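To start, the structure itself, in structure tokens.
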Amino acid sequence: MFKTILIADDSRFMRILLKNLLNDNGYQVVAEASDGSSAVSLYKEKTPDIVILDLTMSIMNGLDALKNILKWDPKAKVIIYSAMGQKRLIIDAIEIGAKDFIIKPYFNELIPALNKLYW
């Protein structure tokens, strides 16, 4: 059974890269967002099993999108990722409720983090 995923990243290239990685590892990407606000709307519409949010996006950043998704669904499983691996951002994301924080471009850690949530 596929686990469904919503990807949110303002870079189309990153969304394609992540979608291919996820599909190759048994996950099904059901929605893609190019900003945090769209990610929140798509989460409410599609209710995916997992959300993968870039930290830095236009309109609404990943932390604000995380807060809004968790306000709507406190049980949401969200992983934040960013090229900015600053300790404070990682701590903030986890304290808000992210299940994990992945530092770009080290996506070799993404599939184990996802599998840890479900398998």
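The values are calculated or read from the model by the stated rules, or taken from the named source; none is laboratory data. What you see is a predicted model, and the numbers here were worked out from it, not measured in a lab. Here the Cβ positions follow ideal geometry from the backbone for every residue, glycine too, while neighbour counts run over all protein chains shown.
So here's what we get for this one:
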| item | result |
| --- | --- |
| Residue within region 78-89 that is within 17 Å of Lys3 (Cα to Cα) and either at pLDDT 95 or above or surrounded by 15 or more Cβ atoms within 10 Å (Cβ to Cβ) (or both) present | yes |
| Filtered residues of region 57-79 (kept if under 18 Å from Ile90 (Cα atoms), assigned to a loop (DSSP other than H, G, I, E, B) and touching a Gly at 6+ places or on another chain (Cβ under 7 Å)) | Met57, Met60, Asn61 |
| The lone exception for Gly26 - which of (1) under 14 Å from the mean Cα position of the chain (by Cα); (2) modelled with pLDDT under 90; (3) within 18 Å of Ala113 (Cβ to Cβ); (4) of a type outside the set (D, E, K, R) it fails | (1) |
| Selection within region 1-51 - surrounded by fewer than 20 Cβ atoms within 10 Å (Cβ to Cβ), touching a helix residue (DSSP H, G or I) at 6+ places or on another chain (Cβ under 8 Å) and assigned to a helix (DSSP H, G or I) | Leu17, Leu21, Ser37, Lys44 |
